[in-house]
Amino acid sequence: MSGLLNVFKEAAKGLVGEAVKQMQKNQRRMESGNARRGKAIPVEEVIGNNNSGDPRPYFRGKMKPFDEIPVEKFQRNEHVRMESKEQNGQYILHYDFMDHKGKFQSFVLQYDKKQLFKMADRFGLPRKFMGSFRMKKQEKARWMRELKAVLQHGLFDIVDNQFKPNPHAIVNFYTPYICEQISLQIVAALGKYGVDSRRERIEMAMKFVQDIPYAIPFQNDPKIVYGGVVTPPQILYLKFGDCDSKSFLFAGILTYLILPGDIAFLTVPGHLLTVIRDKPEKGMVMVEQDEDQYVLAETAGPGRNNYGVPATYKPGEIKLTNLKYHGKHKVLSYANQDMLSSKSYHLYRAPSMPVDLGIIDALKKCRSRRQRIKSIVFDDNGGWLVLAGKSGFFHHNIPAPMLQGLQQLQAKKVEIHDAALNKNQEFVLVYHNGLGFMSGLLKGSSASLGKALNEVTEKHNQPIQDIVFTKQAKPGWILTFGKYGNGFTCNVSKSMLTKLQEPVTKCAKAGIRSMSFTSKGGWVIVYGKNKFSINLPQPLANQLLPVFKNLGKNKHSIQRVYFTPTDDWIVVYDDHQWIASFGHERLA
């Protein structure tokens, strides 16, 4: 790992003459002006400015910060999407990451491109100031004043006679412009959950930083030293960072979310991470200093450790340094906290929200237009999707990657047959008469469901009929296939498999038309012609059984049953007709 690397000492024999010559030039300038002996020279005097005719003399030839930087050990989580564009002088970053509750968050960050480049260009230490120089006493004093100004400008410091990036200066300089809009979106996202608390803020900020791809920069610049650090604006532009670089970004984000005085940096051999003054819960790893306890917040990534869970560190001396932050902004006000006192509140589980009632209007349109309702999916945040007609769809607040997939298929005029979405916001879209699919699956699901989909369509040339996700804490799946839905395969928990195996096997012989699961593990299987197998709580069974019997009695064809995350339901029959247990048309 790069860490705050010790910047090695360099031989400077070939640079002495040039360096002393530059120093003497500055000395003559001082003596002709108003500078007083013993006073540090202002940064602008030492490095020049845009009006001097010789801007940034010590930084001349510096590598532009956004040129391609070679990297080592590049690692990226499969679910992460970072896409950017430059428009009207603005740099716009679309960043999809997974929060601590297993849900995708889509943040949009926008910065003035010139300002972003200018701020990144501030960082670095000219190699001309490194090494050993023989000077007269007076020359050395002036040299040291110039060096102090350059250190201040380049955000470096001298520690134990070595040049090192200054974490406090880096956080202070970049935070106000870079981090505020990130923190605002974190607060807004937690407000939607109704759980905006100090701990929730820390956890979501950690995931934001952890999901940024991890890479070690290789910055072998012949004139400038960077100390193994990429700055916060570079992280967002280059779309990667290493351990210490990401820690600086994380600390800057935290200054808007918690008291800056609670933030500190912990250095261990070859590594730096952020720690937070807190009262640790059972199982959390912490360090103590001056009777205060600091909990580890490891953000290096691509691992997604929670607050208080460490990575593997090399043994050796450790050092804790409190962040010296001078920003004057206040901690952001807390947003919606309604769910914090709920009995169902769980730190790592997103609360299920009632489905947005706009779905009722969408279903009414399908009925009035006589559009076939092919599939309905729900998001735990109240979002929904209705597939209707050939490739049409209605939606509200579904994950951005899923919406993009639907739009791509629609633009190609491909008929979309089925859609599936689980509580981790993994999705599958089925098209080409069930023989084609598009997915947004995480690593584990991709290895199981992705493999099954490929085998069914490619190896056995069978069309996909239905993909259903269970609603357990760790979602499983069931895949039915074949022209009449006679085939099935699944990956569910052992307890659920024990309950499901017999009824699913029986129903598959007559052809499974649809399966759906409640939030508590109950299910409804529609098969054959208006036949059904149920395993539901009695109150829910009492609602649905009369509906099924009435539709069968009147010779309607029941196609699908859907349960919302809060266990309301929709029954679709005769292609475009439906009955719902909720909304402003309770029973249509």
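None of the figures in this text is laboratory data; all of them are computed from the coordinates on show. All figures in this text were calculated on a predicted structure; none of them were measured in a lab. As a convention, Cβ positions derive from the backbone with ideal geometry for all residues, glycine included, and neighbour counts pool all protein chains shown.
Overview of values
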read-out: Proximal lysines to Lys365, defined as alpha-carbon separation beneath 19 angstrom and excluding residues fewer than eight positions away on the same chain; value: Lys374, Lys390
read-out: Footprinting exposure proxy for His576, His460 (fewest neighbouring C-beta atoms within 10 Å first); value: His460, His576
read-out: Cα Rg over Rh - region 358-580, Kirkwood; value: 0.93
read-out: Neighbour net charge for Lys423 - beta-carbon separation under 10 angstrom, K R +1, D E -1; value: +2
read-out: Computed E for Glu317/His94 - FRET, C-beta separation, R0 35 angstrom, nearest 0.05; value: 0.25
read-out: Linear extension gain, His556 paired with Ala541, 0.36 nm per residue minus alpha-carbon span; value: 3.4 nm
read-out: Chymotrypsin sites (Phe, Trp or Tyr not before Pro) restricted to DSSP loop in region 153-202 with at most 16 other C-beta within 10 Å; value: none
read-out: Ascending count of other beta-carbon atoms within 10 Å, so fewest first, for Glu298, Glu291, Glu78, Glu203; value: Glu291, Glu78, Glu203, Glu298
read-out: Neighbour-count order for Val428, Val80, fewest beta carbons within 10 angstrom listed first; value: Val80, Val428
read-out: Approximate spin-label separation Glu458-Lys148, in nm, with each point projected 7 Å along Cα-to-Cβ; value: 6.7
read-out: Contour minus Cα-Cα distance for Lys279 and Thr505 (0.36 nm per residue); value: 76.1 nm
read-out: Close Lys-Lys pairs in region 422-493, where close means Cα under 24 Å and separation is 8 or more or interchain; value: 13
read-out: Per-pair calculated FRET efficiency, R0 = 41 Å: Lys365 and Leu109 via Cβ, rounded to 0.05; value: 0.70
read-out: Highest to lowest packing among 243-249, 531-537, scored as the average C-beta count within 10 Å; value: 243-249, 531-537
read-out: Alpha-carbon centroid distance for the pair region 363-410 / region 446-524, whole angstrom; value: 22
read-out: When each of Lys246/Lys282; Lys282/Lys328; Lys103/Lys324; Lys113/Lys412 is checked by Cα-Cα distance, pairs over 32 Å; value: Lys282/Lys328; Lys103/Lys324; Lys113/Lys412
read-out: Leu259-Val159 FRET efficiency (beta carbon distance; Förster radius 25 Å; 0.05 resolution); value: 0.45
read-out: Three-way shape call for region 83-222 based on the alpha-carbon gyration tensor, with the a/c threshold at 1.5; value: prolate
